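Here's the structure we're looking at; comments come further down.
The values are calculated or read from the model by the stated rules, or taken from the named source; none is laboratory data. Computed from a predicted model, the values in this text were never measured in an experiment. For neighbour counting, all protein chains shown are included, and Cβ atoms are generated from backbone atoms with ideal geometry for every residue, glycine included. Just so you know, the surface numbers come from the protein's heavy atoms only, side chains and all, with ligands and any DNA or RNA stripped out. Shrake-Rupley method; radii C 1.70, N 1.55, O 1.52, S 1.80 Å.
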Amino acid sequence: NNVFKKGSRGIHLEGISTANYSTGVLIQNNIFNDTYRSINLAYEKGFTIKGNTMNEFTNAGVGLYYCTTPYNVIKNNMTSSVTTYYGMFADNCTGSFGVIGLIANNFIQSSSNSGVYGIYFYNSSYQEVYHNSVSLTSTSTSSRAFYNSGGSNHVLKNNILANSGAGQAYYNSTTGAI
């Protein structure tokens, strides 16, 4: 129940390495206004990001680097009309059968005119994406409501992925990843 205004990152938490993750973080019911990246986690596992409101971020609402499952990113509201690049992303986040990263019931909206990605996965695995609403209106042809590159074993069900601008609603560059 905190309010974070301005600055680079509202919350930045980082474990040591993929051999020594930090565990058990709960980031819940916070408000982030005018940040570069609202929440940034690296080398974390067993965390929950829930019920947060992120407004006018210039890079990302949620950024995950080298995190491992299980974790939850659920019931967050991410909106930005300023130049932004990601609603949320998972970069090299891994899991295994039955131990997943759950991305569910989030609302992501961007009216930025830059190349925007609503939900973005890069070299990540075992991410399950359910019941999210993503709405983009960017005039950039590189914008994607959902984007995947690399990785494997993703599940994508019952999401609303809308790009009423010049880009695409869904893009997957890795055959068999989803």
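I want to check the label-to-label distance for residue 128 and residue 155. Put each point 7 Å from Cα in the C-beta direction and report it in nm to one decimal.
0.4
For residue 157, which lysines qualify as cross-link partners when the Cα separation must be under 25 Å and same-chain residues fewer than eight apart are set aside?
45, 50, 75
Ratio of the range 20-68's C-alpha Rg to 2.2 N^0.38 Å, to two decimals? Before the final figure, lay out each step's value.
On the way: Rg = 11.1 Å, N = 49, 2.2 N^0.38 = 9.7 Å.
Output field value: 1.15.
Run the reach check for residue 5 against aspartates and glutamates, Cα to Cα strictly under 15 Å, same-chain hits fewer than 8 apart removed. What comes back?
Straight-line reach from residue 5, under 15 Å: 34, 56.
How large is the charge dipole for the range 1-56, taken about the Cα centre, if only the Cβ atoms of Lys, Arg (+1) and Asp, Glu (-1) carry charge, to the nearest 20 debye? List each step's numbers first, then the result.
Details: 6 positive and 4 negative charges, 10 e Å.
Around 40 debye, computed over the range 1-56.
With only Lys, Arg, Asp and Glu charged, each at its Cβ (+1 for the first two, -1 for the last two), find how big the charge dipole of the chain is about the Cα centre; round to the nearest 20 debye. Let's see the in-between values first.
Numbers: 9 positive and 6 negative charges, 36 e Å.
That gives a dipole near 180 debye.
Could you tell me what % of all Cα pairs in the range 119-178 have separations over 17 Å?
36
Using a probe radius of 1.4 Å on heavy atoms only, what accessible surface per residue do you get for the chain? Whole Å² is fine.
42
Residue farthest toward the positive end of the dipole of the chain, with Cβ of Lys/Arg at +1 and Asp/Glu at -1: which of 79, 140, 113?
Of the options given, the answer is 79.
Taking the Cα centre of the range 15-104 as origin, sum charge times position over the Cβ atoms of Lys and Arg (+1) and Asp and Glu (-1), and report the length of that vector in debye to the nearest 20.
With Lys and Arg at +1 and Asp and Glu at -1, about 200 debye.
How big is the chain along each principal axis, measuring the range of its Cα positions in Å and listing the largest first?
Computed over the Cα atoms, the extents are 42, 40, 24 Å.
Can you say what percent of the DSSP beta bridges in the range 92-178, counting only those with both residues inside, are antiparallel? Round to 5. Walk me through the numbers on the way to the answer.
Values: 1 of 26 bridges.
Once the DSSP bridges in the range 92-178 are tallied, antiparallel ones form about 5 percent.
For the chain, with all protein chains present and a 1.4 Å probe, just round the carbon and sulfur fraction of the accessible area to a whole percent. Show your work: numbers first, answer last.
On the way: 3590 of 7530 Å².
Answer for the chain is 48 percent, counting heavy atoms of protein chains only.
Name the residue farthest towards the positive end of the dipole of the chain from the options 47, 168, 100, assuming +1 on Cβ of Lys and Arg, -1 on Cβ of Asp and Glu, about the Cα centre.
47
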